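In what follows, a structure is listed as structure tokens, so that the remarks can point back to it.
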């Protein structure tokens, strides 16, 4: 059984915004029934140019439905420019994370959003024909490049988890490897904004930030925080003292601790509370 | 919530009679059957009895029964032994719909200098016996074909296939994990050389299996160690599990009729009602030659994982051949081998019943399932199109 978060289950069992808007401002159709998942997404703007309504229809597994539901919730009230900045990682984070093998569901949500925005700006509903790398699942070179860049993927298996490319006959594995090599070398040539962070360095920086920036503020209110583990971008912490029994500690963790860690350590960190 | 357990091809409940028979062999009668003292010796008596019970179920003689740890071990032991006993032959014949225990092993052996022929199946999951005949060569060391398919329940004509192998002096192994206890098997009347079965599919515990090896068949052990199982499988006997499996075999023999009347009746009612009440559904596999407890139904335009998780909310347990549930991105290899279109394969659900299921449970599923399919179809971008297509057709 997949290890879905409660939030994924909630958005699957009680999906928000199912349906289709008549006369939408932007519309997109991504995926196909043969691939195993597909998404039709429509949105409408209000008079101030903010997204008033967003609706989806999904064929796919629980996480595909949950990702589409989450995406439509996230973008309501955003301008088109703001919505264009939503990444697949944002969608996954909103759901409290997705199993690695299911990350392609969040990518599908982001693709639909992006395409619907392009449609709003005048592009056709279906993206124009592009160079297909994975014939089995119809994944284009552009999609693969983008997933590699945005999620810093380094192996063919990761690319498959995020885009499905290479998950069928596997004939395209050498091409995917070439794309990875090319993208990685480009990324290392332009290290400016986001140097790669080793795990040890990441954990150290998290420790330091907790010690320097976060603990003093919490202790001021009689609370404390302890780092339990770091798994990928998930920072597992336990709260102590007043924080442990505080009603607002969820808010504190998200709005203060996570925000600080994202600002000072790594922009994709997610703070999760564990009992330890 | 008591589960409505319709996933018996995955594993089964241990029968209360089986558990009861096993319990004394943990804390009281824990002796080693190989010991010289009578404390161990009395356990040996019970292991012998279990061997007789298994032999009776299969129509075999007790010395043809080797206890193993599971179906996978039995499959591995059988195929590797066949290859070891005819080292000059390098060809294996199997099918595209085998369980991974055979399929993955053959794929591995293909990298070790063996040639593997995977026989295709038709849209109903049936073998083409002409093609099978042509696949058998003088270089073929072993044929390994499953008796009944775990996903669809489709039964292969194993006795006939074994006969054709025998005529060419080729060893024949069958993975009968799903067939044993559900359809009558009498190995004395067949030319089958080796057969695998697994305890936990017939109400014995997990971690116990059997490999039947016909008397006179050359055998080379898979687990080399002590003298247990007459030197054919080293390792101290899992006494309590073996004794439990013996009781399970006896129960299975007694309940074979119930499988083919009561259980089959439940399955047929479930299947027919679903087909009649839910549009765009289809049974996968040959409905004639099929296990009495299994049905594999495709629900078009929806995805299996969603169906499973929504049924799970009501405690209904089943499984799916969809890609999303397998961890891979493609639907089950069995449905693909049958050429089931992806649109159908993604929405396939397998219900597998046992003698412990009831009429009330079928009513419950029949009540809960159609609204689940409706909910998911209303969410699906393909559903409307599909319904329109149907009306047009």
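Collect the residues in the stretch A:137-157 that are out of contact with any strand residue (DSSP E or B) (no Cβ under 8 Å at 6 or more places or on another chain), surrounded by fewer than 21 Cβ atoms within 10 Å (Cβ to Cβ) and in contact (Cβ under 8 Å) with a residue 40 or more places away in the chain, keeping them in residue-number order.
Once the filter is applied, which keeps residues that are out of contact with any strand residue (DSSP E or B) (no Cβ under 8 Å at 6 or more places or on another chain), surrounded by fewer than 21 Cβ atoms within 10 Å (Cβ to Cβ) and in contact (Cβ under 8 Å) with a residue 40 or more places away in the chain, the stretch A:137-157 yields A:150, A:152.
Only one of these is within 17 Å of the chain's Cα centre (by Cα) and within 14 Å of chain B (Cβ to nearest Cβ): A:8, A:18. Name it.
One residue alone meets the criteria, A:8.
Taking into account only those residues within the stretch B:301-328 that are more than 9 Å from chain A (Cβ to nearest Cβ) and either in a loop (DSSP other than H, G, I, E, B) or within 22 Å of residue B:148 (Cα to Cα) (or both), which is modelled with the lowest pLDDT?
Among those residues, the one meeting the criterion is B:326.
Going through B:119, B:58 one at a time, which residue ends up being free of Cβ contacts under 8 Å to residues at least 60 places away in the same chain, within 19 Å of residue B:192 (Cβ to Cβ) and in contact with a strand residue (DSSP E or B) (Cβ under 7 Å, 6 or more places away or on another chain)?
B:119
Quick one: would you say residue B:235 is free of Cβ contacts under 8 Å to residues at least 12 places away in the same chain, surrounded by fewer than 19 Cβ atoms within 10 Å (Cβ to Cβ) and on the phi > 0 side of the Ramachandran plot?
Numbers: free of Cβ contacts under 8 Å to residues at least 12 places away in the same chain: no; surrounded by fewer than 19 Cβ atoms within 10 Å (Cβ to Cβ): yes; on the phi > 0 side of the Ramachandran plot: yes.
Considered against the rule, which asks whether it is free of Cβ contacts under 8 Å to residues at least 12 places away in the same chain, surrounded by fewer than 19 Cβ atoms within 10 Å (Cβ to Cβ) and on the phi > 0 side of the Ramachandran plot, residue B:235 comes out as no.
Could you please find all residues in the stretch A:30-56 being closer than 30 Å to residue A:168 by Cα and within 19 Å of the chain's Cα centre (by Cα)?
Within the stretch A:30-56, A:30, A:31, A:37, A:38, A:39, A:40, A:41, A:56 meet the criteria.
Restricting attention to the stretch B:241-269, report how many residues are under 20 Å from residue B:292 (Cβ atoms) and touching a strand residue (DSSP E or B) at 6+ places or on another chain (Cβ under 6 Å). If you could, list the steps in order and put the result at the bottom.
If we filter the stretch B:241-269 for residues that are under 20 Å from residue B:292 (Cβ atoms), which is where we start, we get B:248-269.
Then drop every residue that is not touching a strand residue (DSSP E or B) at 6+ places or on another chain (Cβ under 6 Å), which leaves B:267.
Total meeting the criteria: 1.
Consider residue B:52 carefully, then state whether it is surrounded by fewer than 20 Cβ atoms within 10 Å (Cβ to Cβ) and either at pLDDT below 95 or under 24 Å from the mean Cα position of the chain (by Cα) (or both). Give the steps one after another, and end with the answer.
Numbers: surrounded by fewer than 20 Cβ atoms within 10 Å (Cβ to Cβ): yes; either at pLDDT below 95 or under 24 Å from the mean Cα position of the chain (by Cα) (or both): yes.
So residue B:52 fits the description; yes.
List the residue pairs whose Cβ atoms are under 7 Å apart, where the first residue sits in the stretch A:239-254 and is in a helix (DSSP H, G or I), the second is loosely packed, with under 14 Cβ neighbours inside 10 Å, and the two are 6 or more positions apart or on different chains.
Between residues of the stretch A:239-254 that are in a helix (DSSP H, G or I) and residues that are loosely packed, with under 14 Cβ neighbours inside 10 Å, the close pairs are A:242/A:221; A:242/A:222.
On the given criteria, is residue A:183 surrounded by fewer than 19 Cβ atoms within 10 Å (Cβ to Cβ) and either outside the structural domain of residue A:98 (by TED's automatic domain parsing) or closer than 28 Å to residue A:104 by Cα (or both)? First the steps, then the outcome.
Details: surrounded by fewer than 19 Cβ atoms within 10 Å (Cβ to Cβ): no; either outside the structural domain of residue A:98 (by TED's automatic domain parsing) or closer than 28 Å to residue A:104 by Cα (or both): yes.
The answer is no for residue A:183.
So residue A:104 fits all but one of (1) touching a residue at least 40 places away in the same chain (Cβ under 8 Å); (2) away from chain B (no Cβ under 14 Å); (3) outside any loop (DSSP other than H, G, I, E, B); what number is the exception?
The failed condition is (2).
So which of A:73, A:143, A:150 ends up being in the same structural domain as residue A:180 (by TED's automatic domain parsing), part of a helix (DSSP H, G or I) and more than 23 Å from residue A:33 (Cα to Cα)? Before you say what the answer is, go through the steps one by one.
Numbers: A:73 fails: in the same structural domain as residue A:180 (by TED's automatic domain parsing); A:143 fails: more than 23 Å from residue A:33 (Cα to Cα).
After applying the criteria, what remains is A:150.
I need the full set of residues from the stretch A:55-67 which are in a helix (DSSP H, G or I) and more than 9 Å from chain B (Cβ to nearest Cβ), in order please. Show your work before the answer.
So in the stretch A:55-67, the residues in a helix (DSSP H, G or I) come out as A:62-67.
A:66, A:67, listed by residue number.
If you go through the stretch A:68-96, how many residues are within 13 Å of chain B (Cβ to nearest Cβ) and touching a strand residue (DSSP E or B) at 6+ places or on another chain (Cβ under 6 Å)?
To start, the set of residues in the stretch A:68-96 that are within 13 Å of chain B (Cβ to nearest Cβ) comprises A:68-69, A:72.
Those left that are additionally touching a strand residue (DSSP E or B) at 6+ places or on another chain (Cβ under 6 Å): A:68, A:72.
Of the residues in that region, 2 qualify.
Any residue in the stretch A:24-38 that is within 8 Å of another protein chain (Cβ to nearest Cβ), touching a strand residue (DSSP E or B) at 6+ places or on another chain (Cβ under 8 Å) and farther than 15 Å from residue B:302 by Cα?
yes
Among the candidates B:371, B:381, B:331, which residue alone is within 12 Å of chain A (Cβ to nearest Cβ) and either over 26 Å from residue B:127 (Cα atoms) or part of a helix (DSSP H, G or I) (or both)? Let's see the steps before the verdict.
On the way: B:371 fails: within 12 Å of chain A (Cβ to nearest Cβ); B:331 fails: either over 26 Å from residue B:127 (Cα atoms) or part of a helix (DSSP H, G or I) (or both).
Result of the check over B:371, B:381, B:331: B:381.
Those residues that are without any contact (Cβ under 8 Å) to a residue 40 or more places away in the chain and part of a helix (DSSP H, G or I), I need them from the stretch A:212-236; list them, please.
Correct list: A:212, A:215, A:216, A:217, A:218, A:219, A:220.
For residue B:350, are the conditions met, namely being more than 19 Å from residue A:15 (Cβ to Cβ), out of contact with any helix residue (DSSP H, G or I) (no Cβ under 8 Å at 6 or more places or on another chain), at pLDDT 95 or above and more than 8 Å from every other protein chain (Cβ to nearest Cβ)? Quick ask: steps written out before the conclusion?
Details: more than 19 Å from residue A:15 (Cβ to Cβ): yes; out of contact with any helix residue (DSSP H, G or I) (no Cβ under 8 Å at 6 or more places or on another chain): yes; at pLDDT 95 or above: yes; more than 8 Å from every other protein chain (Cβ to nearest Cβ): yes.
Answer is yes for this residue.
Just checking, does the stretch B:12-27 include any residue being buried (at least 18 other Cβ atoms within 10 Å of the Cβ), within 20 Å of residue B:200 (Cα to Cα) and in contact with a strand residue (DSSP E or B) (Cβ under 9 Å, 6 or more places away or on another chain)?
Yes, the conditions are met somewhere in the stretch B:12-27.
The values are calculated or read from the model by the stated rules, or taken from the named source; none is laboratory data. On a predicted model such as this, the values are computed, not experimentally measured, just so you know. No Cβ is skipped: glycine too gets one built from the backbone with ideal geometry, and neighbour counts run over all protein chains shown.
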